[in-house]
1. May I ask you to list the residues in the range 115-173 that are surrounded by fewer than 20 Cβ atoms within 10 Å (Cβ to Cβ), β-branched (Val, Ile, Thr) and under 17 Å from ARG196 (Cβ atoms)?
2. Can you confirm whether LEU342 is of a type outside the set (S, T, N, Q), exposed (fewer than 14 other Cβ atoms within 10 Å of the Cβ) and part of a helix (DSSP H, G or I)?
3. From the list ALA269, ALA310, which one is surrounded by fewer than 18 Cβ atoms within 10 Å (Cβ to Cβ) and either modelled with pLDDT of 90 or more or within 30 Å of LEU182 (Cα to Cα) (or both)?
4. What helices (runs of 4 or more DSSP H) lie completely within the range 132-233 and have 1 or more residues being within 28 Å of VAL276 (Cα to Cα) and in the same structural domain as THR35 (by TED's automatic domain parsing)?
5. Mind listing whichever residues of the range 331-345 are more than 27 Å from the chain's Cα centre (by Cα) and within 30 Å of ASN246 (Cβ to Cβ)?
6. Mind checking which residues of the range 52-110 are of a type in the set (A, V, I, L, M, F, W, C), part of a strand (DSSP E or B) and within 25 Å of GLU314 (Cα to Cα)?
7. Go through the range 67-80 and give me each residue that's more than 13 Å from GLY28 (Cβ to Cβ) and either touching a helix residue (DSSP H, G or I) at 6+ places or on another chain (Cβ under 6 Å) or surrounded by fewer than 22 Cβ atoms within 10 Å (Cβ to Cβ) (or both).
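The values are calculated or read from the model by the stated rules, or taken from the named source; none is laboratory data. The structure presented is a predicted model; accordingly, all values stated were derived computationally and were not measured. Reconstructed Cβ throughout: ideal geometry from the backbone, glycine too, with neighbour counts over all protein chains shown.
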Amino acid sequence: MFLRRPKLRPAPMTLKEILSLVIQGGPGFCQIAVTNACNARCRFCSFPRVPSAEQVMAEPQGLLTGLESACRAGIKFLSITGGEPLLYPELPTFLVRARDLGIRVVLCTNGSLLTPSRIQEFRDAGLDTLIISLDADSPDRHDDNRGLPGLTAHIREMIPYLDRAGLDPVASVTLSRLVEDLEGTLDFLHRLGFRRMTFSYPITRLHSSYLGFADHYSVDFTPEELNRWFGRIREMKAGAPLTILNPRLGLAEMQRQLQGRPSRFPCLAGFKYFFVDWNLKVYRCHYLGETLGRWEEMANITPVRDGCAACTIECYREPSIFQYMAVSLADALTAWGQGRWLKGLGALLHPYNFLSLAALLEGRHWVRG
């Protein structure tokens with residue numbers, strides 16, 4: 001029996017912690033790939049190519065030690081991914097510890113290993129958001145790409161359990177040639193029971209250890225094709241049958257980059273956002289190959305802030321827009337602390353801050369409860 005109990009959440013921050021985050025420019029965010037093992041066979045991903053002898057699970061004690069270090073570094077949000085993170089045996093322990101440290105956690109999965117008992121376990125461990133990947137506008141094409149027959153039917157069966165657990169799952173759709181009809185895809189997701197969705201942008205090359213990419217025709221778009229995709233998604237947001245979480249401003253920024261125009265909102269990867277792989281190495285992001293140190297020493301890592309615009313990975317670029325205003329406030333406070341009053345005022349009143357605030361209000365649907 002699936003019991004309806006209050007969902008446990010991370011403890012609220014103290015006033016001292018809030019003030020500390022304001023001075024730092026807002027909370028930090030880490031994506032952690034707890035394993036490079038995956039049970040799916042997606043064509044636009046390289047994880048299926050990892051031989052079984054080379055599959056790695058993150059060392060449990062190091063993962064927990066790093067969690068405490070990250071908390072001291074101001075990390076308040078985690079996204080757990082893989083491979084397939086539900087293959088990681090120590091996942092419940094990690095979720096509980098994150099909750100106890102006041103860190104909110106997003107879990108990204110293909111959904112195949114979800115069961116009512118695991119969903120209840122995630123709810124009791126304080127999981128904040130569950131993201132389920134879907135690739136196409138029909139069950140047959142999605143299941144075929146994943147190499148998991150019956151996967152869509154299983155996801156449909158699990159969604160009521162997720163809803164009752166208060167997890168309200170988010171569908172994540174990679175823009176690929178498997179998506180033949182955007183409007184049809186939204187209707188398909190809505191019929192499955194999703195109320196929120198996000199588009200992931202196609203990746204054909206990465207320089208970090210992360211393997212969520214492939215040089216495959218299904219994601220090999222020209223800049224002109226991607227520009228049209230982003231424009232169409234912007235047009236669809238208002239009338240969509242479910243909430244599209246990608247902010248209009250984020251889509252517009254990607255269009256600017258594809259058109260060769262300068263970015264208005266520099267990426268905060270390496271400054272506020274980080275990627276940690278299954279060997280517990282900390283990278284600035286998925287895209288860049290530069291490592292910054294070990295996860296267990298996260299509190300001692302020197303942040304990097306250089307206005308990077310090397311990629312179009314939405315899980316770094318869109319949050320950077322959301323947090324632009326918070327970073328501007330921290331910059332203003334720093335300048336005033338140095339007696340540079342005009343510089344501080346300029347940072348505080350920069351017009352992009354108001355765009356950032358509008359995008360943040362649009363992105364409020366990421367937070368439930």
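1. THR129, the sole residue that qualifies.
2. yes
3. That would be ALA310, the only listed residue that is surrounded by fewer than 18 Cβ atoms within 10 Å (Cβ to Cβ) and either modelled with pLDDT of 90 or more or within 30 Å of LEU182 (Cα to Cα) (or both).
4. Answer list for the range 132-233: 139-146, 151-164.
5. Answer for the range 331-345, where residues must be more than 27 Å from the chain's Cα centre (by Cα) and within 30 Å of ASN246 (Cβ to Cβ): just ALA332.
6. Those that are of a type in the set (A, V, I, L, M, F, W, C), part of a strand (DSSP E or B) and within 25 Å of GLU314 (Cα to Cα): ILE75, PHE77, LEU78, ILE80, VAL105, VAL106, LEU107, CYS108.
7. The one that is more than 13 Å from GLY28 (Cβ to Cβ) and either touching a helix residue (DSSP H, G or I) at 6+ places or on another chain (Cβ under 6 Å) or surrounded by fewer than 22 Cβ atoms within 10 Å (Cβ to Cβ) (or both): GLU68.
This table checks each residue for (1) over 30 Å from GLN55 (Cβ atoms); (2) crowded, with 18+ Cβ neighbours inside 10 Å; (3) touching a residue at least 40 places away in the same chain (Cβ under 8 Å).
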{"site": "GLU180", "(1), (2), (3)": "yes, no, yes"}
{"site": "ASP215", "(1), (2), (3)": "no, no, no"}
{"site": "PRO223", "(1), (2), (3)": "yes, no, no"}
{"site": "LEU226", "(1), (2), (3)": "yes, yes, yes"}
{"site": "ALA240", "(1), (2), (3)": "yes, no, yes"}
{"site": "MET254", "(1), (2), (3)": "yes, yes, yes"}
